[in-house]
Amino acid sequence: MPRARGVEQAPLVLVHADESCLGNDSSKPSPGGNAALIEAPAGDSVARWDFYESSPQTTNNRMALAGAIATLEWIRRQWKRGRVTYVSDSQYLVKGMSEWVEGWQARGWKRKGGALENLELWQKLVQAAAAHDVSWRWIEGHAGHAKNEYANDLAVQAAERQERSNGLVPSAFDAWLAAGRARGHYQNYDPDAELYERL
């Protein structure tokens, strides 16, 4: 008899994501990028991957949504289904998925005030999230949180260079963290603790 696929069999995946838009104005060139640090337990250690993409003309909100869609889709390719904790400094993304989207769906994908901006992205994100058990968590941006700062650096670089990772690639977070410690930052920070606290 095949083993039932339940939440208890799904691997724990921790995502720290950020986005960047150089201009954030639809009326003029506003290149953008998004990025995610994706982590999962690997025996007694933690496996880490980076993901990033770019757009030549976009907004912060669109990049936050597009990044979440792509990240969740790549997690599905990697693990089929995950218990995903998705950490972002975008209140638009986190509140949208945890507080607003249910009401929008009930009203036929409309806001109380009328048309819903970025409708097609919200719909794609709901579909991508349905493949997993996702917990959305907001974190304050530019507040010294190592993984958020790392995701921000990746997103800015993707925006500036208009680069894409084309999937999950081995993360450079450990080298980034070591460089930060050499400058006196993150001295007492355990990058693995956050993931194992969620096991």
Does Gln162 qualify as being at pLDDT 95 or above, more than 14 Å from the chain's Cα centre (by Cα) and on the phi > 0 side of the Ramachandran plot? yes
Selection status of Ala130, surrounded by 16 or more Cβ atoms within 10 Å (Cβ to Cβ) and either of a type in the set (A, V, I, L, M) or touching a residue at least 60 places away in the same chain (Cβ under 8 Å) (or both): no
In the stretch 133-153, the residues that are of a type in the set (Ser, Thr, Tyr) and buried (at least 19 other Cβ atoms within 10 Å of the Cβ): Tyr150
Limited to the stretch 94-133, what total is found for residues that are among the aromatic types (Phe, Trp, Tyr), touching a strand residue (DSSP E or B) at 6+ places or on another chain (Cβ under 7 Å) and part of a loop (DSSP other than H, G, I, E, B)? 0
Anything in the stretch 11-66 that is buried (at least 19 other Cβ atoms within 10 Å of the Cβ), free of Cβ contacts under 8 Å to residues at least 60 places away in the same chain and under 20 Å from Ala146 (Cα atoms)? List them, or say none. Ala64
When the stretch 149-179 is examined, which residues are found to be touching a Lys or Arg at 6+ places or on another chain (Cβ under 8 Å) and closer than 20 Å to Asp192 by Cβ? Pro170, Ser171, Phe173, Asp174
Read through the list (1) in contact with a Gly (Cβ under 7 Å, 6 or more places away or on another chain); (2) at pLDDT below 95, then give the number of the only condition that Ala106 fails. (1)
In the stretch 68-93, the residues that are part of a loop (DSSP other than H, G, I, E, B) and buried (at least 21 other Cβ atoms within 10 Å of the Cβ): Gly82, Asp89, Ser90
For the stretch 38-67, how many residues are under 21 Å from His132 (Cβ atoms) and part of a helix (DSSP H, G or I)? 5
Any chance the stretch 163-184 includes a residue that's more than 26 Å from Gly82 (Cα to Cα), surrounded by 13 or more Cβ atoms within 10 Å (Cβ to Cβ) and in contact (Cβ under 8 Å) with a residue 40 or more places away in the chain? yes
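The values are calculated or read from the model by the stated rules, or taken from the named source; none is laboratory data. None of the values given here were measured: they were computed from a predicted structure. Every residue, glycine as well, gets a Cβ built from its backbone with ideal geometry; the counts of neighbours run over all protein chains shown.
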